[in-house]
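Trainee: Sending over a structure as structure tokens; questions will come in a sec.
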Amino acid sequence: MNDVPCPAPTVRVLLDAVRGRIEPAEAEILLAHALRKPRGWLYAHASDALDTADASRFETLLSRRQAGEPVAYLCGRRGFWTLDLAVTPDTLVPRPETELLVELALAQLPEDRELELADLGTGSGAIALALASERPRARVAATDASAAALDVARGNARDAGLANVGFHPGDWFGAVPGRRFALVVSNPPYIAQGDPHLSQGDLRHEPAMALASGADGLDAIRVIVRDAPAHLHPGGWLLLEHGLDQGDAVRALLRAAGFGEVATHRDLEQRDRVSLGRIPP
Ligand code: GLN
């Protein structure tokens, strides 16, 4: 019975066979990762047969993905802005919608000045490194309460050759006592503690401390807004990512703390995503 070996599957046959199990685009990313090739290689080699070790490495990744592990953790990488970042389960997976926060921050940052900025709760370093790469004369303070996350961010800065980022352990502004900045950005945890999404899909595998923040999801944002005026120069900006239903609440917090020019911006899917305000000049 077993003496007729199965022909080794080709790239195309294998990708077709797993269609019902995970998203086709994710299957390609994982297969390329298992083969240690760039994704484009698959198209030129669709008729190549795979060896058993590669096929079984792919099968392992596929089962882990089906069990909910984010593709970024399985590959250990995620693209953000112009950067290719290392990510681990100690860091939130950078999301495309967070690029809005980078765009809005850059709009307030002249290219020719030696400004000091902060990214609070930097995780993999995505926002801090994107800003540091676009504003080489700026000095960016990246903070995180997780030492493991800061290690990942530090490694990403090194790999990207960015020397204008400093790393500071601690909670929010507690990581940078006594310092004032021209601009502060943060993508803090903002999901409500009891939100059922936390126990579904990819979120189950991401660090809880990077996702959830109190009964209404606003605990971290309240602390950051409260402490920001003491850490911003006159005319300085605070920009915060938040949940799609938190725009009203975040604008109210900003106004109550003395911020002007308060506004909320929508992401590419037309959801409220970033609110900002300015300390009067
Ligand atoms: N945007 C993420 C999500 O809803 C949450 C990220 C965060 O809490 N900062 O999946």
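The values are calculated or read from the model by the stated rules, or taken from the named source; none is laboratory data. Small disclaimer: the values here were computed from a predicted structure and weren't measured. Quick reminder, even Gly has a Cβ in these numbers, built from the backbone with ideal geometry, and neighbours come from all protein chains shown. Side chains included, ligands, DNA and RNA excluded: accessible areas come from the protein's heavy atoms. Shrake-Rupley method; radii C 1.70, N 1.55, O 1.52, S 1.80 Å.
Trainee: Determine the dipole magnitude for the chain: charges of +1 sit on the beta-carbon of Lys and Arg, -1 on that of Asp and Glu, nothing else is charged, the reference point is the Cα centre, and the result goes in debye to the nearest 20.
Mentor: In debye, rounded to 20, the chain gives about 440.
Trainee: Kindly report the accessible area of the stretch 1-142 per residue (heavy atoms of protein chains, probe 1.4 Å, no ligands, DNA or RNA), in Å².
Mentor: 50
Trainee: Now for a different question. Given H placed 1.01 Å from N in the peptide plane, which residues other than close sequence neighbours of ALA142 have an amide H under 5 Å from its amide H?
Mentor: Placed amide hydrogens put ASP119, GLY166, PHE167, HIS168 under 5 Å from ALA142.
Trainee: Follow-up question, since we're still on this one. If I stretch the segment between ALA263 and MET209 completely, what's the gain in nm (0.36 nm per residue apart, minus their alpha carbon distance), one decimal?
Mentor: 16.8 nm
Trainee: Quick one: work out the % antiparallel among DSSP beta bridges in the stretch 141-281, nearest 5.
Mentor: Approximately 50 percent, going by the DSSP bridge assignments.
Trainee: Now for a different question. Return the single residue from ALA17, ALA208, ALA163 with maximal mean-square fluctuation; model: Gaussian network over the chain, springs between Cα atoms under 10 Å.
Mentor: Result: ALA17 has the largest fluctuation of those listed.
Trainee: So which helices of the chain fit the span-like rule, where a helix is a whole DSSP H run, its Cα atoms reach 15 Å or more along the axis, and its mean Kyte-Doolittle is at least 0.0?
Mentor: Flagged H segments are 24-35.
Trainee: Take the alpha carbon gyration tensor of the chain, find the square roots of its eigenvalues, order them as a ≥ b ≥ c, and report rounded if a/c is under 1.5; if not, report prolate when a/b exceeds b/c, else oblate.
Mentor: Prolate, since a/c reaches 1.5 and a/b exceeds b/c.
Trainee: Multiply the residue separation of ARG271 and ARG21 by 0.36 nm, subtract the distance between their alpha-carbon atoms, and state the gained length in nm to one decimal.
Mentor: 87.0 nm
Trainee: Also, quick follow-up: As a test of the formula, what do you get for the chain when each DSSP H run with n ≥ 4 contributes -39,500 (n - 2.57) and the sum is divided by the residue count, at 222 nm and rounded to the nearest 500 deg cm²/dmol?
Mentor: -9500 deg cm²/dmol
Trainee: How far, in nm, would the chain grow between TYR43 and ASP195 when pulled straight, counting 0.36 nm per residue and subtracting the alpha carbon separation?
Mentor: The TYR43-ASP195 span can extend by a further 50.7 nm.
Trainee: Please tell me the relative contact order of the chain in percent, rounded to the nearest whole number, where contacts are Cα pairs under 8 Å and at least six residues apart.
Mentor: 14
Trainee: Pull up all non-local amide H partners of SER124: gap of 5 or more, or a different chain, and H-to-H distance under 5 Å with H placed in the peptide plane.
Mentor: LEU92
Trainee: Here is a further query. Describe numerically, in nm with one decimal, the distance between label points set 7 Å from Cα along Cα→Cβ at ALA256 and at ALA147.
Mentor: Using points 7 Å along Cα→Cβ, the separation is 3.6 nm.
Trainee: What Kirkwood radius, in Å to one decimal, follows from the Cα pairs of the stretch 12-85?
Mentor: The Cα-based Kirkwood calculation yields 12.7 Å.
Trainee: Enumerate the amide H contacts of LEU85 below 5 Å, restricted to partners 5 or more residues apart or on another chain; note that Pro and chain-start residues carry no placed amide H.
Mentor: ARG78, GLY79, PHE80
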